[in-house]
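Just below is one structure, and these are the notes that go with it.
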Amino acid sequence: MLTRRVAAAAAVAATAMVLLTGCGSSSDASGSSADSGFVAGDGSLVVVPAEQRAPAPDLVGETLDGSTFRLADHRGDVVVLNVWASWCAPCRAEAPGLAALATEYEGKGVQFAGLDTRDSDVSARAFVDRFGIPYPNVIDRDGQLQLLFGDSLPPQAIPSTLVIDAEGRVAARALGKVSESSLRAMIEPLLVARTE
């Protein structure tokens, strides 16, 4: 009986570790990452009722362009935080839609930001240039910034997208590639609530 409990606990711990660390990448000798080894999202969307939302963490980090991004500086705006990596095929697939939405919502109380994880800066900058990503992208080489969301609604896959309300609370999450229509449906109610 005790052996079964130990085995079950070990299985739960291993599963939790995979989920908490999101996706890891494998690298070849040149340092480039491959698509294998990452945890793909299942496309699930979670929207948290206002009274149940947990505060977003105090995320601060260096961006790919050398500036500093502070999530707290955007209190009062809806923030869309996309966790991505250049080696991730679903990230490449969703990038044009994210760039388009960021442009569409520019100046309308929505701040987009990226959280580039387990990536090289060179590959990440090439990704941003290739897809015309117009918003800041925070460097999260070891995935530690993702773990800050453990008390709210953690990003558990690459890509994941979190939407934070104007009061700085995590309001929604998409695991895996997010469509423009799904993301718009998560943003719009928060914009309405922001102006009420």
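Answer yes or no as to whether Gly107 is surrounded by 23 or more Cβ atoms within 10 Å (Cβ to Cβ) and out of contact with any helix residue (DSSP H, G or I) (no Cβ under 7 Å at 6 or more places or on another chain). If you could, list the steps in order and put the result at the bottom.
On the way: surrounded by 23 or more Cβ atoms within 10 Å (Cβ to Cβ): no; out of contact with any helix residue (DSSP H, G or I) (no Cβ under 7 Å at 6 or more places or on another chain): yes.
Criteria not met by Gly107.
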### Message
Can you tell me which condition Pro189 does not meet? The list is (1) at pLDDT 95 or above; (2) closer than 17 Å to Ala113 by Cα; (3) surrounded by fewer than 24 Cβ atoms within 10 Å (Cβ to Cβ), and all the others hold.
### Response
(2)
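Every residue, every condition in (1) in contact with a strand residue (DSSP E or B) (Cβ under 8 Å, 6 or more places away or on another chain); (2) under 22 Å from Val163 (Cβ atoms), yes or no:
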residue	(1), (2)
Arg92	no, yes
Gln111	yes, yes
Leu115	yes, yes
Arg125	no, no
### Message
I'd like the full set of residues that are assigned to a loop (DSSP other than H, G, I, E, B), among the small types (Gly, Ala, Ser) and within 17 Å of Ala50 (Cα to Cα), limited to the range 147-196.
### Response
Ser152, Ala166, Gly168
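Residues of the range 94-131 being part of a loop (DSSP other than H, G, I, E, B) and either out of contact with any Pro (no Cβ under 8 Å at 6 or more places or on another chain) or touching a residue at least 60 places away in the same chain (Cβ under 8 Å) (or both), which ones?
Restricting attention to the range 94-131, the residues satisfying the condition of being part of a loop (DSSP other than H, G, I, E, B) are 105-109, 118-120.
Those that are part of a loop (DSSP other than H, G, I, E, B) and either out of contact with any Pro (no Cβ under 8 Å at 6 or more places or on another chain) or touching a residue at least 60 places away in the same chain (Cβ under 8 Å) (or both): Tyr105, Gly107, Lys108, Gly109, Arg118, Asp119, Ser120.
So which residues in the range 121-145 are among the polar types (S, T, N, Q) and more than 15 Å from Val79 (Cβ to Cβ), if there are any at all?
Just the residues of the range 121-145 that are among the polar types (S, T, N, Q), to begin with: 123, 137, 144.
Residues satisfying the conditions are Ser123, Gln144.
The values are calculated or read from the model by the stated rules, or taken from the named source; none is laboratory data. Keep in mind it's a predicted model, so treat the numbers as computed, not measured. All Cβ positions, even for glycine, are placed from backbone atoms using ideal geometry, and neighbour counts span all protein chains on display.
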